[in-house]
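As structure tokens, the structure follows; a few thoughts come after it.
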């Protein structure tokens, strides 16, 4: 990644395609209920803690304070989502909020749902979006070596423990996380549904029991756009944000 001229790395899409292929192969030839359960638990660690709580609410929006140990834990867990460097994530998501559903929004569905889902649109991040993190040696190191580290880790893990465990523990959460992100970026920005707060964009709250179960608080997307600095998306009576409650109980310093 080059600060100021970031584009999706040329390694990203081939690696994502490999993860899809591996998962389909294992599910067809080596399907296991135990494997699915392990994959879902891994998804909660990597996607739930590392992505939603860590990359999104903590690092991007700075919506709560936590200890240095838990901060490093969130960096570690986010690494396995294969979303690219954390520094890139922060810049891209801040651009999304600054220019929501305009031409400068890096993942508005107005640019094409398929392209948004698979990150096919070119993206450049202005250094001003991540100025507060440019001196963080941890984030700069992973920004420089992210894909090399990811491939190296994958090879070592497969050599030590085998391909099938790797697929259920790592490929499964990567692929599922991709489509969960797509669900938020596309479905929660389709302009249909409840907009309890006027935000000047197409963000909507999707309050069906299914979206509540799948996204665990991320479905209250209009609430999030209305007050991104709040660690919870629960703004009204009856709303439920699982991740916000996890933050309050286990991560936030009161």
Residue 144: passes all of (1) assigned by TED's automatic domain parsing to the domain that holds residue 33; (2) under 19 Å from residue 93 (Cβ atoms) but (2)
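Give the residues of the range 243-254 that are over 23 Å from residue 210 (Cα atoms) and not in a loop (DSSP other than H, G, I, E, B), sorted by residue number. Before you say what the answer is, go through the steps one by one.
Narrowing the range 243-254 to residues over 23 Å from residue 210 (Cα atoms): 248-254.
Selection gives 248, 249, 250, 251.
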Wholly inside the range 131-242, helices (runs of 4 or more DSSP H) that include 2 or more residues that are surrounded by 15 or more Cβ atoms within 10 Å (Cβ to Cβ) and within 18 Å of the chain's Cα centre (by Cα) are 137-161, 172-182, 209-215, 221-226
Restricted to the range 195-205 and to residues being touching a helix residue (DSSP H, G or I) at 6+ places or on another chain (Cβ under 7 Å) and free of Cβ contacts under 8 Å to residues at least 60 places away in the same chain, the residue nearest to residue 233 (Cα to Cα) is 205
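Of everything in the range 111-130, what is part of a helix (DSSP H, G or I), under 20 Å from the mean Cα position of the chain (by Cα) and closer than 23 Å to residue 90 by Cβ? Give them in sequence order. Show your work before the answer.
Of the residues in the range 111-130, the ones part of a helix (DSSP H, G or I) are 111, 113-117, 127-130.
Those left that are additionally under 20 Å from the mean Cα position of the chain (by Cα): 111, 113-117, 129-130.
The answer is 111, 115, 116, 117, 129, 130.
Inspect all residues belonging to the range 19-41 and state whether any of them is at pLDDT 95 or above and within 15 Å of the chain's Cα centre (by Cα).
Filtering the range 19-41 down to residues at pLDDT 95 or above leaves 19-41.
Narrowing further to those that are within 15 Å of the chain's Cα centre (by Cα): none.
No - not one qualifying residue is present in the range 19-41.
The values are calculated or read from the model by the stated rules, or taken from the named source; none is laboratory data. The structure presented is a predicted model; accordingly, all values stated were derived computationally and were not measured. Note that we place each Cβ from the backbone using ideal geometry, even for glycine, and neighbour counts take in every protein chain shown.
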